[in-house]
1. With N denoting the number of residues in segment 28-110, provide Rg(C-alpha) divided by 2.2 N^0.38 Å, to two decimal places.
2. For residue 72 and residue 96, calculate 0.36 nm times their separation in residues minus their Cα-Cα distance, and state this gained length in nm to one decimal.
3. What distance in nm separates the simple spin-label points at residue 27 and residue 46, each placed 7 Å from Cα in the Cβ direction?
4. Across 5 Å bins from the origin, how do the percents of Cα pairs in segment 71-116 run, short distances first?
5. State the extension gain, in nm to one decimal, for the chain segment bounded by residue 34 and residue 87, taking 0.36 nm per residue of separation less the distance between their alpha-carbons.
């Protein structure tokens, strides 16, 4: 049943990030954007492996560096390509991931190794 007074909204419009309306598309090709996401996911996997092997400083540093890299990805990639990694506006996501990533990296570098 269709409602005559309601406009049909496509699936693409429903999945679009409402915070990114009117932004210019990325200058990078889609393959390059997807390759950047693959690099990010691999870095998170490496950080997880460090955490599972009880190398918490390496895990924290790698995850922090991954979040710093994600902030660059958020600024340069389209929200449609990033998918669930694009939560709010480009600016908010980039600033948030840069702050959290910077703090994690600083923590990993500044805390004493405690004999490990």
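1. Numbers: Rg = 13.0 Å, N = 83, 2.2 N^0.38 = 11.8 Å.
For segment 28-110, the normalised Cα radius of gyration comes out at 1.10.
2. On the way: separation 24, 0.36 × 24 = 8.64 nm, distance 1.15 nm.
Contour length minus the Cα-Cα distance gives 7.5 nm.
3. Modelled inter-label distance: 2.7 nm.
4. 4, 22, 23, 16, 11, 9, 7, 6, 2, 0
5. Values: separation 53, 0.36 × 53 = 19.08 nm, distance 1.73 nm.
Net length gain for the segment: 17.4 nm.
Values in this text are rule-based calculations from the coordinates and carry no lab data. Computed from a prediction, not measured in an experiment: that's the story for all the values here. Neighbour counts run over all protein chains shown; Cβ positions are idealised from the backbone, glycine included.
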